[in-house]
Amino acid sequence: MKVIVICSGGMDSVALAHRIAATHDLHALLSFDYGQRHAKELGYAAACARRLGVPHHVIDIASVGAALSGSALTDDIDVPDGHYAEETMKLTVVPNRNAIMLAIAFGMAAAQKVDAVATAVHGGDHFIYPDCRPDFIDAFQAMEDRALDGYARVQLLTPYVTGSKADIAIDGAKYGTPFGETWSCYKGGDLQCGRCGTCVERREAFHLAGVDDPTPYADPDFWRSAIGEG
């Protein structure tokens, strides 16, 4: 099966890219510049593509992102610290982001005669991001089956959709993912901050998985208090 992986450069999508490269025919990595407050992670996605020997496509949808205002990921709004379960983390929602990216990816896959698009949505995303949930995935596949009817059949692969981020850490380690060559932090500093929702979730995932976390954080211990352990 020939597959395009949507890759942000974070631990989830890079782990997915390594998984797909080992189990299918990895056709390309696809990233998006949607006007996020920093695009540092795109360099990590490019490095992943070089490592796996596939093309890396970056689609500029910054003008679209500018219309999806109100998120701490796109606007001049402070990125909140803490766990995703906190109400403040709703500031990191970019409305319809995954739906938009997936629609573009499916169009590319159909045009290039690719069998599937893979994305690394996981169970930890369900609480806050509606376009990461299993019912959305099923509905999106049904929509694309109709949108491409008679032209192409493209499958949406979401191997992590019912799993946790800890499961991704375990799976990524299985397929040799170099987690030190991934970027998750929303703040884009010299080091990953260790305090924003995605850093806290990342640090906790490695701990729960029993997998070594090679990531240097500006605040490596904040996650414990964020999840109520310290």
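The values are calculated or read from the model by the stated rules, or taken from the named source; none is laboratory data. None of the values given here were measured: they were computed from a predicted structure. Every residue, glycine as well, gets a Cβ built from its backbone with ideal geometry; the counts of neighbours run over all protein chains shown. For accessibility, only protein heavy atoms count, side chains too; no ligands or nucleic acids. Shrake-Rupley method; radii C 1.70, N 1.55, O 1.52, S 1.80 Å.
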Let me check something: with ligands and nucleic acids excluded, how do Met11, Met108 order by accessible area (1.4 Å probe), largest to smallest? Met108, Met11
What is the gain in length, in nm to one decimal, between Ala62 and Asp190 on full extension, counting 0.36 nm per residue of separation less the C-alpha to C-alpha distance? 43.7 nm
Based on alpha-carbon centroids, what's the gap between region 155-226 and region 8-42 in Å, whole number please? 14 Å
Loop sites in region 114-164: chymotrypsin sites (Phe, Trp or Tyr not before Pro), DSSP, at most 14 other Cβ within 10 Å: Phe127, Tyr151
Straight-line reach from Lys174: which lysines have Cα under 28 Å away, leaving out those fewer than 8 places along the same chain? Lys2, Lys40, Lys165
Asp33 versus Ala103, label points 7 Å from Cα toward the beta carbon: distance in nm? 2.2 nm
With just the Cα atoms of region 129-180, tell me how far they stretch along each of the three principal axes, in Å, largest first. 42, 23, 15
Expected unfolding gain across Leu148-Lys174 under the 0.36 nm per residue rule, minus the alpha-carbon gap, is 5.9 nm
